[in-house]
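Visitor: Here it is, the structure, as structure tokens.
Read-outs throughout are calculated quantities, based only on the coordinates presented, and are distinct from any laboratory measurement. Computed from a predicted model, the values in this text were never measured in an experiment. Positions of Cβ are generated from backbone atoms using ideal geometry, with glycine treated the same way; all protein chains shown enter the neighbour counts.
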Amino acid sequence: MFGYPLVEVWVIVGLMVLAVMFLTSMLARLYRKAGPHEALIVYGFGGTRVVKGHGTVVFPMVQICRELSLELMSFDVAPQQDLYTKQGVAVTVEAVAQIKVKSDTESILTAAEQFLTKTPDQREGLIRLVMEGHLRGIIGQLTVEEIVKQPEMVSDRMRSTCADDMNKMGLEVISFTIKEVRDKNEYITNMGKPDVARIKRDADVAAAEADRDTAIRRALATRESAVARAQADQERVLAETLSQAKQAEAQRDLEIKKAQYLEVTKKQQAQADKAYDIQTNIMQQQVVAEQVKVQQVEKEQQVKVQEAEILRREKELIAIVLKGAEIKRQRIETLAQAEKQRLMYEADGHAAATRQQGEAEAEIIFKKGDAEARAMNVKAEAFQEYNQAAVIDKLLTGLPEVVRAMAARLANVD
């Protein structure tokens, strides 16, 4: 009994859901959205309106919606006919233009009036015709030199000249750039030749000046290098001279010290030699004295031998000679003994006298030589002409005479 109304409710709900879904689908189909790169032109019931950046519902049969692109349009502006400059020179100009529909509603409506039903190619063709006409007029007001050398000025004139016409079409010129300017008579080529020649001349002059400056700087550098080298050589020679002077002074000081050391050494050597020679002379004197003593002892031994011989002969005579002759013998012996004693005493006295005389003469000669040596030493120290070696040499030269005199005196001793 309660099941039938429940089914009916569910049917109603399902129908309502379907109706909502259908309405939503229909509204989705009727709702149009405009992206940031376009504008929607809605016209029909309620008049013409511009939708940009949001969406709107377009009712079918009573309203129509068309899209108008706001994107940048870039196309070449290259008139097929030659353009004549102010000088009457025919040139061909190729440029690139960037144009777009303005973003304000009035400009969008104006552009919609002009281009809404046209294709992009048709729209660009119309704009290109306008741009080429203005370019022709601007080229006719300029010379080739201005066009070639001042392309920014041509672009500025194009933007300012086309602004009014573009505003009338709801457009704006974003940029206008000249890509190429050429002519069939090689005017532009020949126009650059004076500049090329001038630039080349300037380059040659600059190169010549650079070579001149380089040569001047090289000469200056060479002169400075030579001056620096000369100064360095002068300083080196001065340093070498000072060094040689220092070396000479050092060598002189060394030679002086060597001479001083040599003088001291020679003095000490001379003193040593003198002491050695004096000691040698003393030893020689002692040897001579010993030799004299030996000779004296030999003489005494000879006397003793003679005495023994006399005694032997006396005994022999005693054995042979008669007793009568013994008295004579004794007398003769006594006389002989007396004579012998006399001779011995005389010989001893003569030898002592001779010895004393020889020693006195030797002492005199020695003292004389010593005095002469001292005189020479005084002279050497006074005049700095003789050194200690000369004094010693002089002393040694006199010593043989002393020894010879002593030997001669001692040789006379019997």
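Visitor: If you take every residue apart from residue 56 with its C-beta less than 9 Å away from the C-beta of residue 56, what net charge results, scoring Lys and Arg +1 and Asp and Glu -1? Mind dumping the intermediate values first?
Guide: Details: positive: 32, 33, 49; negative: none.
Around residue 56, the surrounding residues sum to +3.
Visitor: Separate question: Mind sorting 162, 65 by how few other Cβ atoms lie within 10 Å of their own Cβ, fewest first? Can you show the working numbers first?
Guide: Working: 162 23, 65 19.
Placing the least packed residue first, the sequence is 65, 162.
Visitor: Using a basic spin-label model with each label point 7 Å from the Cα along Cα→Cβ, how many nm lie between residue 185 and residue 290?
Guide: 14.8 nm
Visitor: I've got another one for you. Using θ = phi - 60° and the Karplus curve 6.51 cos²θ - 1.76 cosθ + 1.60, what whole-Hz ³J(HN,Hα) does each residue of the range 91-99 get, with Gly and Pro shown as x?
Guide: Calculated HN-Hα couplings, in order: 10, 10, 10, 10, 9, 10, 10, 10, 9 Hz.
Visitor: Suppose every K and R has +1 on its Cβ and every D and E has -1 on its Cβ; what is the size of the dipole of the range 72-185 about the Cα centre, in Debye to the nearest 20?
Guide: Working: 14 positive and 18 negative charges, 23 e Å.
Result for the range 72-185 is approximately 120 debye, rounded to the nearest 20.
Visitor: So what J values fall out for the range 33-48 if you push phi through Karplus, 6.51 cos²θ - 1.76 cosθ + 1.60 with θ = phi - 60°, rounded to Hz, Gly and Pro as x?
Guide: Calculated HN-Hα couplings, in order: 10, 9, x, x, 9, 8, 9, 9, 9, 10, 9, x, 5, x, x, 9 Hz.
Visitor: Same structure again: Grab the Cα-Cα distance for residue 253 and residue 150, subtract it from 0.36 nm times how many residues apart they are, and report the gain in nm with one decimal.
Guide: Numbers: separation 103, 0.36 × 103 = 37.08 nm, distance 9.03 nm.
28.0 nm is the gain from fully extending residue 253 to residue 150.
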